[in-house]
Structure formats: structure tokens, C-alpha cells
Amino acid sequence: MEKSAVLAARASFPVLVACLLAGCARDPGAAAGGVAPPQDQQLESWWELYRARDPAWPEARDRWYALGGRARERLILTLVQELVHKAQTSERGTDGDVPGWKRPQEQLLALGSEGTVPVLIEALRVGRDAASLEPLADALAGHGAVDELLSALDQPRAGDSRLFPRYALRALVKAGGVNAIDRAGVELRAHADWEVRAAAAVALGSARYSDAARALEALLPGLADQDPFVVEKTLESLVRLERPQAAPRIALLLDEARRRGDTARAAAAAAALRRLTGTTVSGDDPELWRLAAEEAAERARRAAGP
């Protein structure tokens, strides 16, 4: 990330915080300040094209972004404000059931990452409602902001929302790649906060197909977590990945839980096994579950080929 982009994000931080905590101004085209009046009038006329869904808007947007400096910052902040406002009000768009926040999110994804990613990360740091954090995280994933997200997770701030690690991990895994999956695995194995470990487990379940094998390996340690909620989320994510290779480890978890008398964990493991193996095994006979798990894993290996 260029130094100028970092400085721009820091300069916009107070404006962004005020906007997000207040739920955003009703007029998303209001000036962010600091631009000359002639340019201000030009930017307002371009924003009117967005509001009117004028076909000339994409060209105006790109010209606006190319201005750089405070004008670019204003464009990004305005679109972030628009996204947050529409997410918080559950506003629908004009295309059937498509959420209203989809349109500003698409506009943010159409912009270059320089300047856009730092502001999105700042919004993710301070946001406190899941409704707007989800589309913000997905926009970061769409920009492939792995390095920036890793840096943000490595440098927590006192003012960060408790939701920030959860949605940063979601964005990281969706952006994908070795570094992203491995970092989520580290959080699942070692973070002191069970909520963050659970969030890492949930995030890994959304890994794209090309990352699924690595995500499976990152998830398996979560089966041994001391917190039952983390184990539950790990099982759910293993099922979401549709990787029967995990079945033998889950069968082992079921057997251990059964021997300890942990009926809730045994039932959760059995339910996951039924979904992963496609079998109708029931009861608590560990041998039956072990065989079903091994057969499912072997079928998966054969299907994957050499």
C-alpha cells in the first residue's frame, strides 16, 4: 500500500467514524469538505448521474477517481456511506430482491484498490452492525486485500469493534490464497478469544474451491478445541466444504465424546458425519461410524484421482 493512500485513510478516519456511528447522513452526496467550489459543483453533478442511474455515470465515476487527492477520497467515502446506509435500513434495490447495498458495493469494486482498500478497512474497524460489515468485508475480498487485512489484524487498535476480527477473517478467506488460509488457521488454533477462534472456523468454511483442501487441514485442529461452540462451528464448516476426507477425524471425535459422556458433542459429530458420508448410520457404535467415515474418505480420494 502506498504511503499516500495510508495518509489519506488516516485523514478521513474522523469523518468516517462520525458517519458510521451516526448511521450515515441521509444525503450521501453531501460534500466531505476540502474541495474548491468549482470542483465541488462538478462532483455534485457527477453524483446526480449516479442517483439518476444515468448511463453516463461509469465514465463520470472513473474521471472522478482519476482526480486523486481529496476528490478521490470524497468519492470513496460517499460510496461507503451509501453502502452502510442502505445496509442499515434494509433497503432493497430496483432489481427484485437484490439488496440496495449491492449497487454501491459494485461501484467500490469498480474503483482501483489504491485509496479504496484503506477506507474499507477503516470502516470495517469501526463498524458495529453485522448488516453493513458483511458487504464491506466482501468488497475487501473482491479487491484481494490480503496483505492489507493481515497488516490490520497484526496491528489492532483500542477503538476497534469486537466484530472487526470476525469480518476481517471473513474477507481474508474469501480473498483466498495460502497466506489467507494459513492465517485463519493460526487464529483458530491459537487465539485466546473463543469468539475469534469460532469466527476463524466459520470463515474457513467459506473458502473457495481452490483453497478447500488447505482450509480443511486448517480446520481439523478446531475439532479439539475446549470450547463447544468452536467445535460446533468447525463441524459446520467441514460439512460446508464437502470434503469427506475429514470424516475419519470426525468419527474419532465422536468416539472420544461418547466415551466421556459428552452427548451433545457426540450428537453434533454424528450429524456432521451423516451429511459428509451420505450414510444412514445411527446410534453410537463407534465401529460402524469408523467404517462409514473411512469408506467416504476412500471414495473422495478415488474421485480426486492420482
Residue match in region 231-238 (condition: of a type in the set (S, T, N, Q) and farther than 24 Å from Trp194 by Cβ): no
Checking Ala130 against (1) out of contact with any His (no Cβ under 9 Å at 6 or more places or on another chain); (2) over 23 Å from Lys102 (Cα atoms); (3) of a type in the set (A, V, I, L, M), the condition it does not meet: (2)
In region 166-186, residue farthest from Gly127 (Cα to Cα) [restricted to those that are more than 13 Å from the chain's Cα centre (by Cα) and touching a residue at least 24 places away in the same chain (Cβ under 8 Å)]: Val178
Gly100 free of Cβ contacts under 8 Å to residues at least 40 places away in the same chain and either more than 30 Å from Ala52 (Cα to Cα) or not assigned by TED's automatic domain parsing to the domain that holds Arg63 (or both): no
Top-ranked residue of region 96-138 - restricted to ones that are part of a loop (DSSP other than H, G, I, E, B) and among the aliphatic types (A, V, I, L, M), ranked as modelled with the highest pLDDT: Leu111
Pairs, first surrounded by 12 or more Cβ atoms within 10 Å (Cβ to Cβ) in region 145-165, second assigned to a loop (DSSP other than H, G, I, E, B) and at pLDDT 90 or above, C-beta under 7 Å, six or more apart: Val146/Gly177
Filter pass, Arg170 being part of a helix (DSSP H, G or I), within 28 Å of Ala87 (Cα to Cα), of a type in the set (Lys, Arg) and not assigned by TED's automatic domain parsing to the domain that holds Gln88: yes
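The values are calculated or read from the model by the stated rules, or taken from the named source; none is laboratory data. Bear in mind the structure is a predicted one, so any value in this text is a computation, not a measurement. Ideal geometry is used to build each Cβ from the backbone, glycine not excepted, and the neighbour counts take in all protein chains shown.
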